[in-house]
1. Does A277 meet the test of being crowded, with 20+ Cβ neighbours inside 10 Å and over 23 Å from R347 (Cβ atoms)?
2. Can you tell me which residues in the stretch 98-134 are charged (D, E, K, R) and not in a helix (DSSP H, G or I)?
3. Test V140 against the criterion of being of a type in the set (A, V, I, L, M, F, W, C), under 23 Å from E339 (Cα atoms), modelled with pLDDT under 95 and in contact with a helix residue (DSSP H, G or I) (Cβ under 8 Å, 6 or more places away or on another chain), and give yes or no.
4. Counting only residues that are crowded, with 16+ Cβ neighbours inside 10 Å, modelled with pLDDT of 95 or more and farther than 24 Å from I5 by Cα, how many does the stretch 381-396 have?
5. Of all the residues that make up the stretch 51-73, how many are over 26 Å from the mean Cα position of the chain (by Cα) and either closer than 30 Å to W342 by Cα or surrounded by 18 or more Cβ atoms within 10 Å (Cβ to Cβ) (or both)?
6. I'd like to verify a number: residues in the stretch 288-312 that are free of Cβ contacts under 8 Å to residues at least 60 places away in the same chain and in a helix (DSSP H, G or I), how many?
7. Mind listing whichever residues of the stretch 3-37 are outside any strand (DSSP E or B), under 23 Å from A70 (Cβ atoms), of a type in the set (A, V, I, L, M) and touching a residue at least 40 places away in the same chain (Cβ under 8 Å)?
8. Please go through (1) closer than 30 Å to L162 by Cβ; (2) surrounded by fewer than 15 Cβ atoms within 10 Å (Cβ to Cβ); (3) touching a residue at least 24 places away in the same chain (Cβ under 8 Å) for S337 and return the number of the only condition it doesn't satisfy.
Amino acid sequence: MSKKIKILTISDHPLSPSGVGVQTKYMIEGLLKTGRFQVVSLGGAVKHQNYQPMKTEEWGDDWTIFPVDAYGNPEIVRSVLRNERPDILWFMTDPRFYGWLWQMEDEIRPLVPMVYYHVWDNYPPPKFNRSAYDSTDVIVTISKLTNEITNIVAEKAEVIHLPHAVDTGIFTKLDEEKIREFKAESLSESTNPDKMIFFWNNRNARRKQSGTLIFWFKEFLDRIGHENACLIMHTDPRDQHGQNLEAIIQELGLNNGQVRISKNKVAPEALAHLYNAADCTINISDAEGFGLATLESLACETPIIVTMTGGLQEQITDGENWFGFGIEPTSRAVIGSQEIPWIYEDRISGPEFIDTLEKFYNLPLEERAEMGAKGRQHVENNYSFEQYQAGWDKILTEIHERKGSWETRKEYECWRLEEL
């Protein structure tokens, strides 16, 4: 039996519910199912109870998770490289968290290829990322927009597009009777079964526009009647990176069930019930690399209303059909920081958003159902669990075969000749 390919992953903890964590877990489990891989994970971006290495019952010695603060540090990576001898280093999330890792490329890349699963939210092309891109063997991009931008900037790295995915076995259309029971028992909607439910599933953070959504939703209710629709927000209302949503709800007088907070972490199966109970899922972020919640919603045949930004643009339409309503930004500001000198921030207008809610509210049930069914087909065609896992198997197997590792390392020169 040939030696298994060992992957070292660095990301959010792969057993955490974050989008990065979920996609990392999907990839790892897909690799392990083949029987040809082993995985060592540095699991970060969460508060740990202890730092003992973890193993899962299902995968045993084939998958070890080391809890780390942030995403680790140079000493941890040096130790894992030396003790575990992985064949590929795979890392994922926003590049601003990995400057320290790219600074180590002269230590890492002579031994193993570096593969970066990359998200970037918007134009203009981030030329300030070029040195990071060129310090990477292969960049795999999560969205069409990220792929376009990375190909403009990267000069030396190989760029491959593989979008995020959703488990359509979990996120699927449920039986109508089950949903009626769920709404009556969990959402107390038995008194008005025709009330339209809008759903928002995001982190309560500035770019997600959580407070703005509540203010605008009140204006929508003022138009159509407060008894005719409600908004469920699955989030932490007191997230330190967001607004105090409970204070906003109280101030606007929306504490009679018009806006409800679902703040407990729930299993994916329970989340699928919420998508099914909703008539529409909303995302009006001013920047969104992909937006998994709306993809999960479409898999459950629930239409979406989104800002036409980042990865949301490719979810709302396949170029011919629309699976809800996309709202074009009415303003685009260049923002930035010391780490990210420039990037566009896309904002929609309140009146247009409220008009869009009303437009959806007035759609016949048959049209909404058709949007949802086509949205499900769009997910199955382009963002399926099976395509995602098979894609990573193919990409990482080919990288290992072409580029090797340790004694068989190829396609990397740690020196260059220059004429002076």
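1. In short, yes.
2. Residues satisfying the conditions are R109, D121, D134.
3. no
4. 1
5. The number of residues fulfilling the criteria is 0.
6. 2
7. L15, V20, V22, M27
8. Evaluating S337 over (1) closer than 30 Å to L162 by Cβ; (2) surrounded by fewer than 15 Cβ atoms within 10 Å (Cβ to Cβ); (3) touching a residue at least 24 places away in the same chain (Cβ under 8 Å) leaves (3) as the failure.
The values are calculated or read from the model by the stated rules, or taken from the named source; none is laboratory data. Model, not experiment: these values are computed from the prediction. With ideal geometry, Cβ positions are generated from the backbone for all residues, glycine too; neighbour counts draw on all protein chains shown.
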